[in-house]
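Right, one structure below, let's go through it.
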2 protein chains.
Amino acid sequence: MESDKVFVAPDTLKDLASQVFEGIGLRREDAMIIARDLVAANIRGLDSHGVSRIPMYLERIRRGVVNPQPNITIKKITAAVSLVDGDNGMGFLAGHRAMDEAIRLAKESGIGLVGVHRSTHYGMAALYVQQAIQAGYISLALTNSSPAVPVWGGRSTFLGASPLAAGVPGGEKSDYVLDMAMTVIARGKIRLAATHGEPIPLGLALDAEGVPTTDAKKAFEGVCLPFGGAKGSALAMLMDLLAGVLTGANYGGEVKSLYFDHSEPQNVGHLFFAIRPDLFMPMEEFSHRMDTFVERAKAVPLAQGFDEILIPGEPEERTEQQRRVTGIPLTEEVIRGLQAEVESLGLAFPDFYKLNTNL
Amino acid sequence: MESDKVFVAPDTLKDLASQVFEGIGLRREDAMIIARDLVAANIRGLDSHGVSRIPMYLERIRRGVVNPQPNITIKKITAAVSLVDGDNGMGFLAGHRAMDEAIRLAKESGIGLVGVHRSTHYGMAALYVQQAIQAGYISLALTNSSPAVPVWGGRSTFLGASPLAAGVPGGEKSDYVLDMAMTVIARGKIRLAATHGEPIPLGLALDAEGVPTTDAKKAFEGVCLPFGGAKGSALAMLMDLLAGVLTGANYGGEVKSLYFDHSEPQNVGHLFFAIRPDLFMPMEEFSHRMDTFVERAKAVPLAQGFDEILIPGEPEERTEQQRRVTGIPLTEEVIRGLQAEVESLGLAFPDFYKLNTNL
């Protein structure tokens with residue numbers, strides 16, 4: 001319930017997150033990037049990929065499976081392809097460097113392809129395609145992740161639930177921003193429901209024994225079902241082949257769980273494509289065609305139960321507009337988790353929480 | 001029912017198809033490519049994209065909306081990107097030329113991106129990713145098509161049902177060959193059920209009024225539902241943006257129906273990516289990793305109702321092995337359709353049909 005939540009200004013939360021990551025040993029500029037990214041997920045309404053993850057990230061840094069000060073290196077393979085070594089640092093850092101490189105390559109070659117290995121969880125995938133949109137580029141962002149989805153026909157986890165993201169810059173109207181997990185719903189949302197003790201609908205997941213469940217906690221320990229059955233499984237497999245097998249990262253079930261395994265670095269793989277939108281026509285014409293597409297899509301007669309047609313990314317854009325005014329709603333549990341981390345690092349927890357809650 | 005069908009040797013069918021296309025005015029080499037492709041779809045079990053489509057293709061050529069002798073041109077944009085103008089010829093021809101160009105670009109630049117405009121329906125999408133696999137390349141093949149799926153929230157068709165295809169060459173074990181329509185089931189399968197007067201399960205499609213239907217004929221005139229709900233719709237939209245808006249082809253509902261509209265050429269767009277698998281490691285290592293992936297996937301404990309785990313493309317590969325022995329099963333209706341075309345072109349219909357049926 002939103003009413004049980006404390007609404008926090010994005011900048012306040014960003015400062016707090018940044019201090020925490022700097023406190024655990026990250027470089028200041030890296031801490032600021034990660035803080036901005038986590039808060040960006042919250043602002044867009046993807047609370048499952050926002051500041052609620054901070055205790056998990058800190059735990060992984062403390063246990064030495066995430067390198068707080070990675071030496072990220074970029075190796076140019078061809079005029080259109082590079083490989084990034086994430087040096088086991090936070091995936092956000094390798095991810096942004098890689099998309100930046102993909103854009104640079106695309107500027108020259110029309111398309112840029114960048115593989116990433118020795119990375120870790122990179123948060124909300126939309127971050128990277130939004131980065132490309134801001135630079136004026138079309139993009140795809142693929143990643144693998146720890147096993148969360150069975151391969152079609154299997155009963156235990158094998159493929160990641162990791163999202164496929166794609167971005168296409170719009171003209172005067174909406175950009176297209178896709179960020180979709182391979183599961184019926186995002187695994188992070190099941191995790192959040194588990195944290196809150198809320199049930200989930202039947203059909204989203206199996207428990208560890210392969211039995212359908214509405215218990216979010218059991219579902220989080222079991223398998224999420226892929227969206228669209230065999231088709232979702234086939235796409236999730238493609239993500240692991242392209243982001244994992246191709247890049248030299250872990251693959252085929254090797255990526256360790258963020259929450260349950262601190263035995264070694266994850267060695268997550270990503271694959272980024274950046275494409276110039278003006279390859280085949282002037283940019284103005286491309287932008288005009290995007291606007292026309294959006295106009296036409298929105299003019300399609302509505303199905304029952306819909307008020308309007310939204311372009312992928314628009315719902316999150318609206319949440320963002322709202323939350324920039326209201327602030328970001330955080331649960332007491334998330335706040336307590338942050339407070340514990342802040343205090344254990346010997347930092348001051350901001351006053352406004354005390355004003356707004358009875359913690 | 002297979003028992004009602006006539007089993008025809010692939011080569012016989014290929015010769016027949018080739019003669020028909022040559023008879024309608026295509027160049028001999030082009031006719032042979034299209035014949036090979038259509039029969040390849042039948043061999044893989046995708047009868048909806050095989051020789052049953054010949055009367056439709058011939059009709060479009062006769063009506064002047066498909067150019068029988070296109071002058072396909074390739075314009076190099078950068079070292080990694082080209083644009084193909086299909087000159088309104090059969091999409092198969094532009095498709096193969098474009099994937100060939102993508103492979104050539106990838107050989108030099110590591111990745112090749114080729115847009116195609118002024119093309120038409122290009123048949124089974126797996127054809128193009130198999131072409132890349134045979135050359136040893138990873139690939140993606142995107143296309144748009146006539147409206148068949150509503151945008152999420154809409155009740156009338158807007159996006160194509162057109163397939164997303166991807167191919168990754170395996171080592172000693174299976175290749176990965178994805179070819180999946182954006183609908184719950186392929187639109188061609190609904191067309192085939194309509195042709196046979198067979199019902200379809202509820203939940204696959206709406207009729208022209210937006211009402212769920214099990215009548216394949218009504219479904220074919222109505223809307224197929226996207227797979228995975230909003231996610232399938234979002235992917236279908238991405239296909240139209242990348243294959244249509246980006247390439248300069250028709251988009252946003254403009255691609256005319258293959259069956260119901262002969263007012264103008266379709267101006268279908270495609271987008272092909274070819275990627276060298278040895279960008280980030282030696283080819284041997286990549287192949288070994290693919291084999292390991294397949295081994296691991298197949299070792300996942302089975303869910304109820306499954307005998308084994310199959311890699312995308314394996315079911316079709318098995319059908320191919322079987323049909324290369326048994327021949328391709330054709331219905332009387334398909335045979336009659338072919339016979340009518342053959343005779344109207346003044347060609348001889350092969351004797352074997354008369355031996356095997358009571359036509």
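The values are calculated or read from the model by the stated rules, or taken from the named source; none is laboratory data. Everything numeric in this text was worked out from a predicted model, so none of it was measured. Here Cβ is always computed from backbone atoms with ideal geometry, including for glycine, and neighbour counts include all displayed protein chains. Ligands, DNA and RNA are stripped out before the accessible areas are found, and what is left, the full protein with its side chains, is counted by its heavy atoms. Shrake-Rupley method; radii C 1.70, N 1.55, O 1.52, S 1.80 Å.
Structural remarks
- Inter-chain Cβ neighbour average for residues B:233-243, partner chain, 10 Å: 5
- Gyration tensor (alpha-carbon) shape descriptor, region A:143-274, a/c threshold 1.5: oblate
- Estimated from helical segments only, the mean residue ellipticity of chain B at 222 nm is -12000 deg cm²/dmol, where each DSSP H run of four or more residues counts as -39500 (n - 2.57).
- Residue range of chain B that is longest and free of GluC sites (Glu not before Pro) which are both DSSP loop and sparsely packed (at most 12 other C-beta within 10 Å): B:1-171
- Area of B:Thr292 that stays accessible when all protein chains are in place (1.4 Å probe, Å², to 10): 20 Å²
- Solvent-accessible surface (1.4 angstrom probe) belonging to A:Ser156, in square angstrom, nearest 10: 40 Å²
- Cα centroid of region A:278-300 to Cα centroid of region A:36-97, whole Å: 33 Å
- Here the Gaussian network model covers chain B, with springs between Cα atoms less than 10 Å apart; of B:Pro199, B:Pro329, B:Pro282, B:Pro282 fluctuates the most.
- Placing a label point 7 Å from Cα along the Cα-to-Cβ direction at A:Gly197 gives distances to the equivalent points in the other copies of 6.2 nm, listed shortest first.
- Straight-distance crosslink candidates among lysines, where the alpha carbon sits under 22 Å from B:Lys231 and sequence neighbours closer than 8 are dropped: A:Lys173, A:Lys189, A:Lys231, A:Lys298, B:Lys189
- For region A:1-77, the set of chymotrypsin sites (Phe, Trp or Tyr not before Pro) satisfying both a DSSP loop assignment and a count of at most 14 other C-beta atoms within 10 Å is empty.
- The residues of region B:139-159 occluded by other protein chains by 50 Å² or more of accessible area, set against the chain on its own, are B:Gly153, B:Arg155, B:Phe158; surface from heavy atoms, 1.4 Å probe.
- Peptide B:78-91 has a mean shielding of 3, counted as Cβ atoms of other protein chains within 10 Å of each residue's Cβ.
- When A:Phe260 is represented by a point 7 angstrom out along its Cα-to-C-beta vector, the spacings to that point in the other copies are 5.0 nm, nearest first.
- Interface residues of region B:244-276, defined as a loss of at least 50 Å² in heavy-atom accessible area between the chain alone and the complex of all protein chains with a 1.4 Å probe, are B:Val245, B:Leu246, B:Tyr251.
- With all pairs of different C-alpha atoms in the average, the Kirkwood value for the hydrodynamic radius of the protein assembly as shown is 26.5 Å.
- Per residue, the Cα convex hull of region B:259-307 amounts to 177 Å³.
- When the Cα atoms of chain A are aligned to their principal axes, the ranges along those axes come out at 58, 50, 46 Å in descending order.
- When chains B and A come together, the accessible area they lose, probed at 1.4 Å and totalled over both chains, is close to 6200 Å².
- Within a Gaussian network of chain A (alpha carbon springs, distance under 10 Å), most fluctuating of A:Val325, A:Val149, A:Val342: A:Val325
- Overall form of region A:97-200 per C-alpha gyration tensor (a/c, 1.5; a/b vs b/c): prolate
- Three-way shape call for region A:150-198 based on the alpha-carbon gyration tensor, with the a/c threshold at 1.5: oblate
- Across chain A, Cα pairs under 8 Å and at least six residues apart give a relative contact order of 21 percent.
- Rg/Rh, computed from the Cα trace of region A:270-359 with Rh as the Kirkwood radius, has the value 1.21.
- Surface/4 estimate of mean projected area, convex hull on alpha-carbon atoms of region B:4-77, nm²: 6.4 nm²
- The protein assembly as shown - percent of accessible surface contributed by carbon and sulfur, probe 1.4 Å: 49 percent
- In region A:255-359, chymotrypsin sites (Phe, Trp or Tyr not before Pro) in a DSSP loop with at most 11 other beta-carbon atoms within 10 Å: A:Phe260
- Translational diffusion of region B:77-148, µm² s⁻¹ [Kirkwood Rh, Cα pairs; Stokes-Einstein; 4 °C; 1.567 mPa s]: 106 µm²/s
- Alpha carbon convex hull of region A:216-338, volume per residue in cubic angstrom: 248 Å³
- Counted over all Cα-Cα pairs of region A:6-154, pairs farther apart than 27 Å make up 25 percent.
- Rolling a 1.4 Å probe across the protein heavy atoms gives the protein assembly as shown an accessible surface of 38 Å² per residue.
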